[in-house]
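To keep things clear, I will list the structure first and then write my remarks on it.
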Amino acid sequence: MDLHHVLGGDGEPLLLIQGMSGTHLSWGEEFLSALQDDLRTVSYDHRGIGLSPAANDPFTIKDLAEDAAGLLDTLGWESAHVLGISMGGMVAQELALAYPGRIRTLTLGCTFCGGPGSQLTPQETMAKLGAAMTSGDREEAIRVGYEVNVSAEFRRQAAHYDSFRAMALAAPAKVATIMLQMQACLAHDTHDRLAQITAPTLVLHGREDQMLPAANGELIASLVPGASLEVWDGVGHMFWWEQPQLSAGALKDHILG
């Protein structure tokens, strides 16, 4: 599959895997710039999202992991460091399990492994998102998406919303594709296989995450051998958007040592 992707920076190769409805733009310029001083990054659009080909049929998280492996092949990267957030963190888990030799380091952000102890998106959050996405009002969908993805403190500064809105409008996601992504996420379960991950692993999570509670990050870190865990107080789901310098610093420390 010919996935739209964007390369930047120089240094160690880093594959960036976005979450549900996220595009290559969803990383934000500040976070990418902070990474690209030391790393060669590739950000891409999942199938059916952004500028990548349409996705009309159901797919699994494993299918998306195969897409990611195919992108590495296209780039000629035998191995890379990998950051996956939210749904992208689920994809990164499957990628690391299927292709352990291709993962130099693994970073899993604001994500979920399924199985005992995992916590899906709270019903209240899902109800708000569902109503907004099916309202037919794009501005309402963007506004609610923003509210559930960032912390209350971050929302207090109006300029932050303007940046988020511009990003969302630049590459809107189709509701039908988001539904397919949601189905894939609901079926995801690596709980009993995480002990097989061999890559040095860092788990990142915001304590105010309304989408996937921080307990998920704590669980994943307990299941991956030798994993490190950082949970940041006062930070929501999109931690790299709220705290780009902090996030890039943690990631580069993990990758570069």
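The values are calculated or read from the model by the stated rules, or taken from the named source; none is laboratory data. Here the structure is a predicted model, which is why all the values come from computation and not from measurement. Positions of Cβ are backbone-derived with ideal geometry, glycine not excepted, and every protein chain shown enters the neighbour counts.
Out of curiosity, is ASP37 modelled with pLDDT under 95 and either surrounded by fewer than 24 Cβ atoms within 10 Å (Cβ to Cβ) or touching a His at 6+ places or on another chain (Cβ under 6 Å) (or both)?
yes
Taking the stated definitions as given, is ALA171 in contact (Cβ under 8 Å) with a residue 60 or more places away in the chain, surrounded by fewer than 20 Cβ atoms within 10 Å (Cβ to Cβ) and in contact with a His (Cβ under 8 Å, 6 or more places away or on another chain)?
Yes.
State the number of residues belonging to the range 147-166 that are under 17 Å from GLY19 (Cβ atoms) and either out of contact with any Gly (no Cβ under 7 Å at 6 or more places or on another chain) or surrounded by fewer than 19 Cβ atoms within 10 Å (Cβ to Cβ) (or both).
Matching residues across the range 147-166 total 3.
Taking the conditions exactly as written (of a type outside the set (D, E, K, R), touching a Leu at 6+ places or on another chain (Cβ under 8 Å) and surrounded by fewer than 20 Cβ atoms within 10 Å (Cβ to Cβ)), does LEU186 satisfy them or not?
Criteria met by LEU186.
When the residues of the range 116-146 are filtered to those that are surrounded by 15 or more Cβ atoms within 10 Å (Cβ to Cβ) and in contact (Cβ under 8 Å) with a residue 40 or more places away in the chain, which remaining residue is nearest to THR190 (Cα to Cα)?
The qualifying residue nearest to THR190 (Cα to Cα) is SER118.
Taking the range 209-257 as the search range and keeping residues that are on the phi > 0 side of the Ramachandran plot and touching a residue at least 12 places away in the same chain (Cβ under 8 Å), which one is surrounded by the fewest Cβ atoms within 10 Å (Cβ to Cβ)?
Among them, the one singled out is GLY226.
I need every pair where a residue in the range 1-26 that is of a type in the set (Ser, Thr, Tyr) has its Cβ under 6 Å from the Cβ of a residue that is in a loop (DSSP other than H, G, I, E, B), sequence separation at least 6 or different chains.
Listed by first residue and then by second, the contacts come to SER21/ALA173; THR23/ASP45; THR23/ILE49; THR23/GLY50; THR23/ALA171; SER26/GLN18.
Hey, can you tell me all the residues within the range 70-106 that are surrounded by fewer than 16 Cβ atoms within 10 Å (Cβ to Cβ) and out of contact with any strand residue (DSSP E or B) (no Cβ under 9 Å at 6 or more places or on another chain)?
Hits for the range 70-106 are GLY70, ASP73, GLY76, GLU78, ALA98, PRO100, GLY101.
Kindly indicate which of GLY206, GLY226 is more than 16 Å from MET90 (Cβ to Cβ) and within 17 Å of the chain's Cα centre (by Cα).
GLY206
Which residue, of LEU108, LEU32, is under 24 Å from GLY236 (Cα atoms) and out of contact with any helix residue (DSSP H, G or I) (no Cβ under 7 Å at 6 or more places or on another chain)?
LEU32
If only one of ARG207, ARG193 is in contact with an Asp or Glu (Cβ under 6 Å, 6 or more places away or on another chain), modelled with pLDDT of 95 or more and basic (Lys, Arg), which one is it?
From the options ARG207, ARG193, the qualifying one is ARG207.
Is it the case that ALA132 is farther than 26 Å from ALA248 by Cβ, touching a Lys or Arg at 6+ places or on another chain (Cβ under 8 Å) and not hydroxyl-bearing (Ser, Thr, Tyr)?
yes
Each row is one residue, and each column tells you yes or no for (1) buried (at least 24 other Cβ atoms within 10 Å of the Cβ); (2) charged (D, E, K, R); (3) touching a Leu at 6+ places or on another chain (Cβ under 7 Å); (4) within 16 Å of VAL82 (Cβ to Cβ).
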site	(1), (2), (3), (4)
ASP2	no, yes, no, no
GLY9	no, no, yes, yes
GLU12	no, yes, yes, yes
THR23	no, no, no, no
GLU30	no, yes, no, no
LEU51	no, no, no, no
